[in-house]
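Peer 1: One structure, pasted below without further comment.
The values are calculated or read from the model by the stated rules, or taken from the named source; none is laboratory data. From a predicted model like this one, the values you see are computed outputs, not experimental measurements. Neighbour counts run over all protein chains shown; Cβ positions are idealised from the backbone, glycine included.
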Amino acid sequence: MPTKRQMASSARGNKAKSTGMDAISALDLLEEDHTQVESLFEEFEQLDNVEEKKELALKICLSLRVHAQIEEEIFYPAVRDAIENTDRIDEAIVEHAAAKQLITEIEVMDAGDELYDAKVTVLNEQVLHHIEEEEDELFPEVESSGIGLGALGQKLAERKADLLKQMAEKG
C-alpha cells in the first residue's frame, strides 16, 4: 500500500505530466532527498564495520548539508511569502541548526568512538521528525499556495548540483 507521501508525490507527478511541465517539482525534489537520506540511515543501522559506518555517515552528512542549504537559500525564502503559517519555516530553520551541530560532531569523530553510533541515531531521529513535519504540514500548505513549484524545483536542482560539485572538488 502506498504511503501518504508516495500518493502526494504521484499526484503531483501526474499533475506535472498533464500540464506538460518537464521540470521536477520543488516538493518532489525535496521528498526524493528525504527518501534517499532515510534509506542511508537504514543502511547505516545494518553496518558493523567501523570504516563502512564512517564512509556512510559522511555521505549522510553531505546529503543533509546540501539539502539544508538549498532549503535555506532558496526554498524557505520563496515559500515564506506564499504561505500563511511561517512559524513552520522558522521551526525548520532551528531544526536545521540542531542537525548541523550534530553533523559537525559526527564528521570529526572516528566511527569507533564511544558516542558515534548514538550521535548518528539521534541525527536520524531529528531528521525523521523534520521530514514528517515538512511533508505533513509545510508541503501541503506550499502546494495549495499556488507558488510555481516547477520553476522553484529547477532552481533547487541547479543549486544542489553546484553544491555537490563544489564539495566534491574540496574533498
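Peer 1: Would you confirm, using the coordinates I've provided, whether residue 103 is touching a Lys or Arg at 6+ places or on another chain (Cβ under 8 Å) and either at pLDDT 95 or above or at negative phi (or both)? It would help to see each step written out before you state the result.
Peer 2: On the way: touching a Lys or Arg at 6+ places or on another chain (Cβ under 8 Å): yes; either at pLDDT 95 or above or at negative phi (or both): yes.
Yes.
Peer 1: Just give me the residues in segment 121-171 being among the polar types (S, T, N, Q) and either buried (at least 19 other Cβ atoms within 10 Å of the Cβ) or more than 21 Å from residue 102 (Cβ to Cβ) (or both), in sequence order.
Peer 2: Our first condition is that a residue be among the polar types (S, T, N, Q); within segment 121-171, this holds for 121, 124, 126, 144-145, 154, 166.
Once the filter is applied, which keeps residues that are among the polar types (S, T, N, Q) and either buried (at least 19 other Cβ atoms within 10 Å of the Cβ) or more than 21 Å from residue 102 (Cβ to Cβ) (or both), segment 121-171 yields 124, 144, 145, 154, 166.
Peer 1: Here's something else I'd like to know. Of everything in segment 87-110, what is farther than 21 Å from residue 124 by Cβ and surrounded by 15 or more Cβ atoms within 10 Å (Cβ to Cβ)? Give them in sequence order.
Peer 2: From segment 87-110, those farther than 21 Å from residue 124 by Cβ are 87-90; that's our starting set.
Within segment 87-110, 88, 89 qualify.
Peer 1: Pull out all pairs, ordered by first then second residue, where Cβ-Cβ is under 6 Å, the residues are six or more apart or on different chains, the first lies in segment 82-106 and is without any contact (Cβ under 8 Å) to a residue 12 or more places away in the chain and over 16 Å from residue 132 (Cα atoms), and the second is part of a helix (DSSP H, G or I) and of a type in the set (D, E, K, R).
Peer 2: Filtered contacts from segment 82-106: 86/80.
Quick grid of which residues meet (1) at positive phi; (2) in a helix (DSSP H, G or I); (3) surrounded by fewer than 14 Cβ atoms within 10 Å (Cβ to Cβ); (4) at pLDDT 95 or above:
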| site | (1), (2), (3), (4) |
| --- | --- |
| 9 | no, yes, no, no |
| 13 | no, yes, no, no |
| 20 | yes, no, yes, no |
| 23 | no, no, no, no |
| 33 | no, yes, no, yes |
| 37 | no, yes, no, yes |
| 52 | no, yes, no, yes |
| 56 | no, yes, no, yes |
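Peer 1: Next up: Can you confirm whether segment 67-81 contains a residue that is among the aliphatic types (A, V, I, L, M), surrounded by 14 or more Cβ atoms within 10 Å (Cβ to Cβ), touching a residue at least 60 places away in the same chain (Cβ under 8 Å) and within 18 Å of residue 37 (Cα to Cα)?
Peer 2: Taking segment 67-81 as the starting set, the residues that turn out to be among the aliphatic types (A, V, I, L, M) are 68, 70, 74, 78-79.
Now narrow it down to the ones that are surrounded by 14 or more Cβ atoms within 10 Å (Cβ to Cβ): 68, 70, 74, 78-79.
Cutting the leftovers down to touching a residue at least 60 places away in the same chain (Cβ under 8 Å) gives us 70, 74, 78-79.
Applying the additional criterion that residues be within 18 Å of residue 37 (Cα to Cα) yields 70.
For segment 67-81, residues among the aliphatic types (A, V, I, L, M), surrounded by 14 or more Cβ atoms within 10 Å (Cβ to Cβ), touching a residue at least 60 places away in the same chain (Cβ under 8 Å) and within 18 Å of residue 37 (Cα to Cα): present.
Peer 1: From (1) assigned to a helix (DSSP H, G or I); (2) farther than 22 Å from residue 27 by Cα; (3) at pLDDT below 95, pick out the condition that doesn't hold for residue 164.
Peer 2: Just one mismatch for residue 164, condition (2).
Peer 1: Among the residues of segment 111-130, is any over 20 Å from residue 70 (Cβ atoms) and touching a Leu at 6+ places or on another chain (Cβ under 7 Å)?
Peer 2: yes
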